[in-house]
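Nothing in this text is a laboratory measurement; each read-out follows from the coordinates by a stated rule. These figures come from a predicted structure and were not determined experimentally. Please note: Cβ atoms are built from the backbone with ideal geometry, for glycine as well, and neighbour counts cover all protein chains shown.
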Amino acid sequence: ELVRPNIRALRPYSTARDEYAGGECAGSAVQTWLDANENPFENGINRYPDPHQRRLKRQIAALKGIGEERIFLGNGSDEAIDLAYRIFCVPGRDNAVSISPTYGMYRVAADTNDVELREVPLGEGFSLPVEALLAAADERTKLLWLCSPNNPTGNAFPEGEIERLLAGFDGMVVLDEAYIDFADGPGFLPRLAEFPNLIVLQTCSKAWGMAGLRLGLAFASEPVAELFARVKYPYNINTLAQEAASERLAWDIAGQTALIRSERAAVAEALAGAACIERVYPSEANFLLVRTPDPDRLYDTLIGAGIIVRNRSRIPGCAGCLRITVGTPGENARLIETVKNFRP
Ligand code: PLP
């Protein structure tokens, strides 16, 4: 019922390679690959990638403690955001609900899919407007977007409030945990099995340091994960991304995440002491939102010093705000010095 009618009869893409070689060319009994019009004179990347990313999914399943059948891998989590609209929303008819301000792709993908997105402002102190979000939904609302820790505000929402949304909403709740590795709590992945209407998004672009490779993760019930497999392009994760992610996921990221968290605390404290900064908002992500009386001039001054941050001062709910990513200790020191020397 929840799924778009044209998606209901589709099946995931599959070829003879799936049947005879488990989708993985390396190590297979098949030696002669004459089925996919590839160039035979090269070795490795001449072959199409495994469309089901079996090896990588096995590794992610082991790492996260989630069954492989519950995992979808996207060309960045941005792909999963777009596909969620394509799976659940009939263009021009269905709608989605999100908080505001939040990550911009929920809006971009809504517009390109011709889906109405109803944005509900965050409450005082960037709190989650649970009742208003539920009130904004109607029988045509298929998706509810929630980003926690939220971009650009940086705060994570209390687990109990997210649970109330999951219990009170009939459609799918997409919980974007792109920044969960920098947060204090574990997020909802460990509790995925409790909520059939929950999709958790994570990404290799932040803590895992692979933004350039484009690898996003979606976790859901098995039937919902299968819906993503039906609508994706067959070879959405290229060979380099699959191979490199396999290597990278075996590393221990805890040390690097801890470093970023401690740099975040140091930068927050230093910026809070700068004359031009009115407020540094609490953050559980790898960035800080700061409010300043003259955001445009501070932004230009930083650019003049060769430092680029994100000017969020014109988006609703973020008047006066710049979003600053936590950098290396050297980058952070340059940022702090420039901000401290700025006179409004
Ligand atoms: N979700 C949030 C909340 C983000 O802030 C971002 C990127 O900034 C993304 C998703 C995109 O991630 P990916 O690089 O996996 O497409």
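Counted by neighbouring Cβ atoms within 10 Å, the residues ILE45, ILE99 run from fewest to most as ILE45, ILE99. By the equivalent-ellipsoid construction on the alpha carbon gyration tensor, region 254-341 comes out with semi-axes of 20, 15, 11 Å, ordered largest to smallest. Computed with the Debye formula from one identical point scatterer per Cα of the chain, without solvent, the log10 of I(q)/I(0) at q = 0.07, 0.09, 0.12, 0.15 Å⁻¹ comes to -0.33, -0.55, -0.92, -1.27.
Extension gain for ILE253 to ARG54 (0.36 nm times residue separation, less C-alpha to C-alpha distance): 69.4 nm. Taking 0.36 nm per residue of separation and subtracting the Cα-Cα distance, full extension of the segment from TYR233 to THR112 would add 41.8 nm.
Relative contact order of the chain, taken over Cα pairs closer than 8 Å and 6 or more residues apart, is 18 percent. In this label model, PHE41 and VAL90 are separated by 5.3 nm, measuring between points 7 Å along each Cα→Cβ vector. What does a probe at VAL3 reach in region 63-103, counting residues whose amide N is under 16 Å from the point 7 Å along Cα→Cβ? Under 16 Å, as judged by backbone N against the label point of VAL3, lie 69-72, 83-90 of region 63-103.
Between the helical axis of 239-249 and the longest alpha-carbon principal axis of the chain there is an angle of about 60 degrees. Each label point was placed 7 Å from the Cα along the Cα-to-Cβ direction; for ALA275 and GLU139 their separation is 6.2 nm.
Between the alpha-carbon centers of region 1-16 and region 214-270, tell me the distance in whole angstrom. Region 1-16 and region 214-270 have Cα centres spaced 25 Å from each other.
Between the Cα long axis of helix 159-168 and the first principal axis of the chain there is an angle of about 60°, rounded to the nearest 10.
Neighbour counts of C-beta atoms inside 10 Å place GLU284, GLU116 in the sequence GLU116, GLU284, starting with the fewest.
Summing charges over neighbours of THR257, with a neighbour being any other residue whose Cβ is under 13 Å away from its Cβ, gives -2 when K and R count +1 and D and E count -1. Distance between the C-alpha centres of region 141-160 and region 88-110: 14 Å, rounded to the whole angstrom. Listed from fewest to most Cβ neighbours within 10 Å, the set TYR235, TYR103 follows the order TYR235, TYR103. Under the simplified labelling scheme, the GLU161-THR328 pair shows an inter-label distance of 3.7 nm, with each label point 7 Å from Cα along Cα→Cβ.
Taking PRO49, PRO121, PRO190 in turn, the Gaussian network model of the chain (Cα-Cα springs below 10 Å) assigns the largest fluctuation to PRO190. Note on the chain: GNM, Cα springs under 10 Å; of PRO101, PRO329, PRO295, the largest mean-square fluctuation is that of PRO329.
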